Amino acid sequence: MAVQVRGEVLDIRRVGQYHVLSMVAPGVAENAKPGNFVAINVGGEHSSMLLRRAFSIYRTDQRGVYGGTVDIVFSVAGPGTAWLAERTRHDVIDVVGPLGRPFVLPAEPVPCVLIGGGYGAAPLFSLAEKLRERGCRVDFVLGASTEDRIFGALEAKRISQSIAITTEDGSLGERGRVTDVLPRVIERADSAVLYACGPMGMLQAVAKTAERYGIHSQCAVEEAMACGVGVCMTCVMPVVGDDGQTRMVRSCVEGPVFRGDRVRWSEVGTVPDDVIGSIAWTQAVNDSRFSGPLPVAVEEPELIDDDVAAASEELS
Amino acid sequence: MTSLRLTVKTNESDPLPEIDMSTHLGLLDLKNPILTASGCAAAGRELDQFFDITTLGGIVTKSVMQNPRSGRPTPRMAETPSGMLNSIGLQGPGIDSFIEKDLAWLSERGATTVVSIAGGSVEEFARVAGKLRLAEGVSGIEVNISCPNVESRGEVFACDPVAAAEVITAVRRNTAPNIPVLAKLSPDVTDIVAVAQAVVAAGADGLSMINTTLGMVINTETMRPALAGITGGLSGPAIRPMAVRCVWQVHQAMPEVPILGMGGIRTGLDALEFILAGASAVSVGTTIFHDPTAPARIRDELTRAIAERGFETLIDAIGYAHREPDVELAPTGPAFVEFEQALDDDQADVDL
């Protein structure tokens with residue numbers, strides 16, 4: 001359950017190309033799980049920027065002196081994040097969270113690889129701790145365009161069996177992309193699950209790699225959102241449900257973490273013809289009105305509820 | 001009605017003034033004038049974690065059509081100054097699933113529900129209304145004849161008085177007589193009063209004003225339209241003056257027709273503008289994305305604002321901005337001299 005609170009900035013600091021913002025946000029930290037995110041207002045009380053900015057939760061501390069604290073990582077990408085970067089200690093920020101579905105944890109202590117693209121690495125550190133508590137081997141792969149966009153290399157090293165780093169310009173680690181080194185990591189650790197957060201292209205490549213090795217993947221997407229709470233319908237993606245049917249699902253409430261093999265990555269940004277309710281689907285329904293039954297079931301399946309039950313069960 | 005009396009701004013934590021905030025839209029009685037706007041609150045469930053949705057005047061649900069609908073590709077939104085552009089394309093579960101799940105939940109929860117319906121044809125509107133007639137928990141119908149994100153952009157029903165009236169006639173015929181039918185109008189017309197008169201003549205019990213206005217953003221990095229749907233509906237405080245103008249014009253022409261006003265309401269004073277212009281109730285929309293508790297906050301802010309101005313009931317404030325110029329309060333100076341001259345010339349009703 002999410003809450004809306006007036007958070008107070010505790011600290012903001014530069015880390016490479018990024019900013020790490022810590023805030024006291026009572027009620028958010030206490031309920032957050034790895035993979036959850038927060039949605040933050042930017043520009044102050046009379047801001048002309050109405051839409052909330054979504055950030056995955058980097059760290060939480062439930063025992064902060066002033067109440068539960070939440071840390072986020074971001075880069076300045078426009079006037080909204082520029083405003084956020086200018087906050088100082090004691091400034092007030094309107095925060096909603098924790099939001100979205102968290103990463104699902106394996107029931108068995110299996111080896112896992114955590115893959116972060118740029119500041120997409122942020123939610124992986126608390127995940128790594130949870131995995132290690134369950135006896136899972138954790139290997140990290142961090143990638144970015146340049147060295148100053150690699151986030152959390154030291155931290156990753158401290159809590160993992162191994163860490164591989166790739167940069168596109170070769171300024172740190174190997175020159176290339178995370179998926180260039182990923183097969184080697186998987187083979188060495190005999191990994192069973194890949195956890196990833198980063199740009200859409202990287203997630204697609206990670207999901208493909210998982211498929212090739214016949215292993216599970218959990219991908220946290222960074223889709224543009226207006227509200228973050230499930231009412232605006234702007235952040236939809238084509239995702240396959242348990243019944244094999246594709247639907248346009250909201251990445252804020254049904255994600256941001258999806259099973260990699262369920263997202264139709266190459267069709268993100270489109271509405272595939274076989275999606276329930278697409279123009280082509282509706283045409284087929286109308287055509288069949290006089291010639292037989294509907295082409296597919298009209299009922300909406302409970303795609304997510306099983307996952308959530310499983311997630312909460314495994315997390316508890 | 002007591003005379004205008006402004007008091008000092010009260011503190012947020014003070015108890016709410018005990019004044020009668022109830023209102024009605026035709027036969028629909030509302031405990032207070034704050035509703036959610038269609039398409040900005042889904043079917044209420046998501047917002048219920050932030051505030052008790054049953055404390056609102058009502059929930060106006062996202063427009064539902066006959067069949068499930070996937071909507072448009074992404075990107076579906078772009079932020080604009082004090083507003084946003086959206087191109088959702090009426091994504092929804094279809095009327096059967098809506099009744100079985102969403103409406104059932106709202107009914108169980110005890111919310112006052114106004115169901116927004118949409119259709120690609122007069123027949124579809126009629127069918128959807130017919131299904132709702134058999135369903136439990138419908139307090140009103142809002143007929144979305146003005147969504148700009150449909151295949152035939154610019155050819156929305158609400159842009160043509162004849163087409164708009166046909167839809168309303170069909171919905172009215174398929175709806176129980178005790179359930180009010182509200183026609184949701186588009187501001188993208190030359191004469192909104194003409195469309196309003198046509199739908200009222202066709203049987204609309206009230207009017208919802210306004211839907212989004214068609215807009216466009218070009219991404220200067222990609223140098224292409226920012227939305228996959230190219231154009232989208234502009235909403236938020238950016239369009240509020242346009243919405244207030246529409247409410248004003250229609251209330252002036254037809255003061256007896258109830259209006260549900262919406263368009264960029266962000267505060268209680270914004271809501272008050274609509275009430276003073278002639279709205280009997282208001283819907284809060286895009287602001288929910290910014291502030292999920294906004295409907296409850298605006299309800300309380302409006303209650304204080306109404307009391308601070310000396311009104312004893314909300315209903316006394318409806319259309320109050322249309323009142324005759326008050327001679328006692330008229331300013332002195334040149335404007336006042338002109339006003340007196342106008343009175344002398346027996347032209348007191350010309351624009352002053």
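Report the residue count in region B:51-71 for those that are within 7 Å of chain A (Cβ to nearest Cβ) and out of contact with any helix residue (DSSP H, G or I) (no Cβ under 8 Å at 6 or more places or on another chain).
Final tally of qualifying residues: 1.
Filter region A:34-69 down to the residues that are among the hydroxyl-bearing types (S, T, Y) and either in contact (Cβ under 8 Å) with a residue 24 or more places away in the chain or within 12 Å of A:L84 (Cβ to Cβ) (or both) and list them by number.
Correct list: A:S47, A:S56, A:Y58, A:T60, A:Y66, A:T69.
Which one of these does A:G228 not meet: (1) farther than 30 Å from B:F51 by Cα; (2) touching a residue at least 40 places away in the same chain (Cβ under 8 Å)?
Going through the list (1) farther than 30 Å from B:F51 by Cα; (2) touching a residue at least 40 places away in the same chain (Cβ under 8 Å), A:G228 breaks only (1).
Scan region A:232-255 residue by residue and report those that are at the interface with chain B (Cβ under 8 Å from one of its Cβ atoms) and either part of a strand (DSSP E or B) or in contact with a Leu (Cβ under 8 Å, 6 or more places away or on another chain) (or both).
Answer for region A:232-255, where residues must be at the interface with chain B (Cβ under 8 Å from one of its Cβ atoms) and either part of a strand (DSSP E or B) or in contact with a Leu (Cβ under 8 Å, 6 or more places away or on another chain) (or both): A:V236, A:M237, A:R247, A:M248, A:V253.
What pairs can you find where one residue is in region B:102-129 and of a type in the set (K, R), the other is part of a helix (DSSP H, G or I), and their Cβ atoms are less than 9 Å apart, with a gap of 6+ or different chains?
Short answer, once both residue conditions are applied: B:R109/B:D48; B:R109/B:I53; B:R109/B:T54; B:R127/B:I95.
With A:C197, A:C252, A:C235 as the choices, which residue is in contact with a helix residue (DSSP H, G or I) (Cβ under 7 Å, 6 or more places away or on another chain) and within 27 Å of A:V42 (Cα to Cα)?
Of the residues listed, the single one that is in contact with a helix residue (DSSP H, G or I) (Cβ under 7 Å, 6 or more places away or on another chain) and within 27 Å of A:V42 (Cα to Cα) is A:C197.
If you go through region B:201-216 one residue at a time, do you hit one that is without any contact (Cβ under 8 Å) to a residue 12 or more places away in the chain and out of contact with any His (no Cβ under 8 Å at 6 or more places or on another chain)?
no
Kindly establish whether B:N67 is at pLDDT below 95, in the same structural domain as B:E312 (by TED's automatic domain parsing) and under 30 Å from B:G203 (Cα atoms).
When the stated conditions are applied, B:N67 passes them.
Kindly indicate the residue of region B:293-323 that is within 14 Å of another protein chain (Cβ to nearest Cβ) and assigned to a helix (DSSP H, G or I) and also surrounded by the most Cβ atoms within 10 Å (Cβ to Cβ) among those meeting that condition.
So, considering only residues that are within 14 Å of another protein chain (Cβ to nearest Cβ) and assigned to a helix (DSSP H, G or I), the one surrounded by the most Cβ atoms within 10 Å (Cβ to Cβ) is B:P295.
Taking strands (runs of 3 or more DSSP E) that do not extend beyond region A:1-71, which have at least 2 residues that are within 14 Å of chain B (Cβ to nearest Cβ)?
A:3-15, A:37-40, A:53-61
Give me the pairs: first residue in region A:148-160 and buried (at least 24 other Cβ atoms within 10 Å of the Cβ), second residue aromatic (F, W, Y), beta-carbon distance under 8 Å, and six or more apart or on different chains, which are they?
Close Cβ pairs (under 8 Å, with a partner that is aromatic (F, W, Y)) amount to A:F151/A:Y18; A:F151/A:Y119; A:G152/A:F125; A:A156/A:F125; A:A156/A:F140.
The values are calculated or read from the model by the stated rules, or taken from the named source; none is laboratory data. Only a predicted model underlies this, so the values are computations on that prediction, with no experimental measurement involved. A quick note on method: Cβ atoms are made from the backbone with ideal geometry, for glycine too, and the neighbour counts reach across all protein chains shown.
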